[in-house]
Amino acid sequence: MAAQALHLGWHNPVHITWGCGALYGLQLDQPAVVLADRAALSVENADFLRQSLGTHCAGWAWYEGGLASVEMARQLCQTLWPAMQDPSTTVIALGGGSTLDLAKALRFRLADASLCAKTWRNKQLPAIYERHPLWLLPTTAGTGSEVTRWATLWDTQARPAVKLSWAPMDGFAERAIVDPDLTLRCPLPQSRDCALDTLAHALESVWNKKSNPITQALALEAARTVIAQLPLLLDGHGADATRIALARASLLAGLAMSQTQTALAHALSYDLTLHENMPHGHACAVWLPMVWELAEQSSPACAAMLQRVFDDAQTPGAQQLTQWLGSVGVSPRDLRNSVSGREHLSLELGSARGRNFIGSPIDAP
Ligand SMILES: [Zn+2]
């Protein structure tokens with residue numbers, strides 16, 4: 001009897017260019033505006049980009065750090081939209097997750113610029129807008145944003161501040177140019193947090209209601225790579241090869257996440273980022289061992305998949321993960337030991353991301 005076919009519903013239209021030096025192969029025959037993280041782009045690379053774009057460069061703005069907020073996106077639109085009157089103008093973004101996410105908002109140019117904040121808050125495009133081509137070049141290894149259609153914008157004017165997910169159906173970039181050399185300037189503490197984000201994307205893709213055999217393979221490879229390579233990076237060994245491996249892992253986890261979205265650990269992380277100022281990857285990582293155990297309890301198939309993350313099949317995986325996280329400076333947390341913690345957990349299991357978790361009793365959105 002033939003096995004039943006599985007309809008994966010895989011959809012990811014991003015054209016990917018991968019490899020060291022990919023930036024130097026960049027060719028563009030139409031106008032472009034650039035949004036770049038000032039701290040992440042070397043003077044040489046910025047000069048190269050300006051020269052290769054030449055007269056095609058219609059505008060340039062710097063991301064100067066901080067949470068990607070509605071207000072920051074609004075100011076960038078004010079700066080760059082006047083230079084984007086030609087509909088073929090490509091938005092080129094170079095930076096970490098915040099820069100790439102801001103570009104995902106910026107590329108939808110509204111006829112009425114005064115509507116932008118309302119548009120992102122309501123997650124609904126108005127009748128008249130222009131969708132510009134988008135090229136994304138990550139300068140950190142961790143975000144995966146270059147191959148997903150979601151962008152996180154923080155509404156810091158709301159009380160309390162809230163995380164908005166800007167996710168139009170056609171929000172994917174046209175191109176992702178993943179050049180591991182662009183991550184060389186990334187400071188070690190930030191590289192660690194980004195690698196932890198990759199690990200979180202990979203594991204969240206495994207304990208996810210939308211996981212399938214393809215996302216599982218990508219996610220497992222990504223998780224195993226981070227676990228093997230991040231300690232080497234932090235010890236200062238084999239920097240180049242390690243950074244290439246971590247950039248590849250970030251891309252693989254991003255591709256898996258582009259199909260499954262994230263889940264419970266991400267849902268729990270946003271509080272820590274907002275109230276404890278904890279970097280995103282770190283804030284996700286502190287919850288991973290707890291969510292791992294919950295996933296194992298929820299699904300024997302998921303437990304079997306998680307067993308493949310570490311080579312040692314005898315020691316419980318969550319215990320190995322706790323030890324590994326300790327070795328890279330992360331202290332995991334657990335909400336199951338107090339009434340208020342359990343209430344918080346149950347609340348997040350019902351949130352948009354939490355519902356993707358395999359152990360959530362509520363259907364995924
Ligand atoms: Zn993340």
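Values quoted throughout were computed directly from the atomic coordinates according to the rules given, and no laboratory measurement underlies them. All values derive from a computational prediction rather than experimental measurement. Cβ atoms come from the backbone with ideal geometry, glycine included; neighbour counts cover every protein chain shown.
Just report the Cα centroid separation between region 294-365 and region 245-279, whole Å. After rounding, the separation between the Cα centres reads 14 Å. Length available on full extension from residue 85 to residue 170: 0.36 nm per residue minus the Cα-Cα distance, which gives 28.6 nm. Judged by the mean number of other Cβ atoms found within 10 Å, the most tightly packed of the peptides 88-98, 164-174 leads the ranking 88-98, 164-174. For the pair residue 75 and residue 347, label points projected 7 Å from Cα toward Cβ lie 3.1 nm apart. Evaluated at q = 0.07, 0.08 Å⁻¹, the base-10 log of the normalised Debye intensity for the chain, with identical point scatterers placed on the Cα atoms, takes the values -0.29, -0.38.
For trypsin sites (Lys or Arg not before Pro), the sites in region 68-162 that DSSP calls loop and that have at most 14 other Cβ atoms within 10 Å are 123. Sorting 34, 309 from the fewest to the most surrounding beta carbons within 10 angstrom yields 309, 34. Counting neighbouring Cβ atoms within 10 Å and putting the fewest first, the residues 270, 63, 24, 129 line up as 24, 129, 270, 63. Computed packing ranks the peptides 132-140, 40-48, 276-284 as 132-140, 276-284, 40-48, most packed first, by mean other Cβ atoms within 10 Å. Highest mean packing comes first when the peptides 182-195, 319-332 are listed by Cβ atoms within 10 Å, giving 182-195, 319-332.
Here the contact order of the chain, divided by its residue count and restricted to Cα pairs under 8 Å and six or more residues apart, works out to 15 percent.
Whole-percent P(r), region 187-356, all Cα pairs, 5 Å bins from 0: 1, 9, 18, 24, 22, 15, 7, 2, 0, 0.
Note on the chain: lysine pairs with Cα distance below 21 Å, sequence gap of 8 or more or different chains, count 5. Look at 260, 119 and count the other Cβ atoms within 10 Å of each Cβ; fewest to most, that gives 119, 260. Here the extension length gained between residue 115 and residue 339 equals 76.4 nm, from 0.36 nm per residue of separation less the Cα-Cα distance. A full extension of the chain between residue 161 and residue 7 corresponds to an added length of 51.6 nm, given 0.36 nm per residue minus the alpha carbon distance.
Residues whose amide H lies under 5 Å from that of residue 208, counting only those 5 or more places away or on a different chain, are 358; hydrogens are built 1.01 Å from N in the peptide plane. Here residue 315 and residue 188 are evaluated by their C-beta separation; at R0 = 30 Å the FRET efficiency comes out at 0.60.
So what's the angle, to the nearest 10 degrees on a 0 to 90 scale, between helix 43-53 and the longest Cα principal axis of the chain? The angle comes out near 60 degrees. When its C-alpha radius of gyration is set against 2.2 N^0.38 Å (N residues), region 82-225 gives a value of 1.14. Here residue 327 and residue 48 are evaluated by their C-beta separation; at R0 = 35 Å the FRET efficiency comes out at 0.40.
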